Amino acid sequence: MKRDIRGISEQALRRLEQYSWPGNVRELQNVVEGACVSARSEMLMVDHMTDILDQGLMELNQEPAGGDAIEDGFSLPQALEQYERELVRRAMAQSSSISQAARLLGVSRQNLKYRLQKFNL
């Protein structure tokens, strides 16, 4: 993501260790990438990932009604699209240009422009 992140705070590390990670390594990767996008310092802090963990990812950690079943109406493509929209929105909010936001997200400028149009941002 071309960010100069040099470490993670102890509080943030504890928060990551306490989370059960139902999505396993990919979910952890998504949270860390999202935290890197929102980080404004060289250290990842707990507030960089709290929103990500609290929005949707924490809901997946809760036991669904009926045991291991996924609730009716859940859509992985929709959940992924919401997460992607939020990351794009955050990158644009902290960037001064589309090119800078694209670098933060690790995508091409054209790819980001497509996503901005897709999400109507």
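Provide a single number: the residues in the range 45-70 that are in a loop (DSSP other than H, G, I, E, B) and modelled with pLDDT of 75 or more.
Selection size over the range 45-70: 1.
Residue by residue through the range 1-43, note down the ones that are charged (D, E, K, R), modelled with pLDDT under 80 and more than 18 Å from R85 (Cβ to Cβ).
Residues satisfying the conditions are K2, R3, R26, R40.
Which ones in the range 101-112 are surrounded by 14 or more Cβ atoms within 10 Å (Cβ to Cβ) and either among the aromatic types (F, W, Y) or outside any loop (DSSP other than H, G, I, E, B) (or both)?
Once the filter is applied, which keeps residues that are surrounded by 14 or more Cβ atoms within 10 Å (Cβ to Cβ) and either among the aromatic types (F, W, Y) or outside any loop (DSSP other than H, G, I, E, B) (or both), the range 101-112 yields A101, A102, R103, L104, L105, R109, L112.
The values are calculated or read from the model by the stated rules, or taken from the named source; none is laboratory data. Here the structure is a predicted model, which means the values were calculated and not measured. A quick note on method: Cβ atoms are made from the backbone with ideal geometry, for glycine too, and the neighbour counts reach across all protein chains shown.
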